[in-house]
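This report refers to the structure that appears directly beneath it.
Bear in mind these aren't lab numbers, they're just calculated from the coordinates by the rules spelled out. Bear in mind the structure is a predicted one, so any value in this text is a computation, not a measurement. Glycine also receives a Cβ, built like all others from the backbone with ideal geometry; neighbour counts cover every protein chain displayed.
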Amino acid sequence: MRPRAGDPAPDFRGVTTDGTEIGLADFRGTKLVLYFYPMDFTPGCTAQACSLRDRNADIRAKGAQILGVSTQDAASHKRFTQTHRLNFPLLADADRSVARAYGAIGGGGLFGIAQAMMGLADRVTFIIDEQGTIAHVIGSPSVMNHAEEVLARL
């Protein structure tokens with residue numbers, strides 16, 4: 001079940017691109033843009049990450065941090081981060097525990113079923129407020145203009 005605006009954000013812990021262990025509690029007191037995406041190095045996921053990268057200063061100016069999550073391992077995320085010079089961390093969710101907690105595995109339709117069978121996360125973004133509550137859910141983000149969608153909700 002996917003959390004909705006007003007719900008408490010599910011707790012999580014995982015390892016980021018640089019090997020740091022991080023969790024929801026580490027973002028208390030700041031807004032968090034927690035975005036799930038299917039796979040490193042695909043055109044849509046690259047466009048989405050680069051959109052957020054290019055507007056990260058504006059997002060930070062609104063008091064938010066970005067954390068990307070997909071089911072690839074930390075080595076894949078490290079290559080993706082280096083190749084596209086991402087200026088925010090990616091969380092390796094190889095066991096899919098974070099995606100399951102956020103209902104970001106196995107979205108509707110045939111594509112969602114196929115993604116779930118391959119163990120890929122859905123494309124969905126949660127904006128979590130300073131107290132750890134889901135403030136907004138962007139269920140079908142625009143990969144090219146995702147940063148603008150986020151900024152409009154911060």
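Annotations
- The Cβ shell under 11 Å around ASP40 holds other residues with a net charge of +1, Lys and Arg each +1, Asp and Glu each -1.
- Taking a ≥ b ≥ c as the square roots of the eigenvalues of the Cα gyration tensor, an a/c ratio below 1.5 marks the chain as rounded.
- Between ALA5 and ALA47, the C-beta separation translates, for a Förster distance of 30 Å, into a calculated FRET efficiency of about 0.70.
- For segment 38-69 versus segment 17-31, the spacing of their alpha-carbon centroids is 16 Å.
- Inter-probe distance in nm under a simple model that places probes 7 Å from Cα toward Cβ, at LEU151 and ASP26: 2.7 nm
- Extending 7 Å from the Cα toward the beta-carbon at both GLN82 and LYS62 defines two label points whose distance is 3.2 nm.
- As a proxy for reagent exposure, SER97, SER76 were ordered by neighbouring Cβ count within 10 angstrom, fewest first; the result is SER97, SER76.
- When +1 charges are put on Lys and Arg Cβ atoms and -1 charges on Asp and Glu Cβ atoms, the dipole computed for the chain relative to its Cα centre reaches about 160 debye.
- For the chain, calculated [θ]222 nm from helices alone, where every DSSP H run of n ≥ 4 adds -39500 (n - 2.57): -9000 deg cm²/dmol
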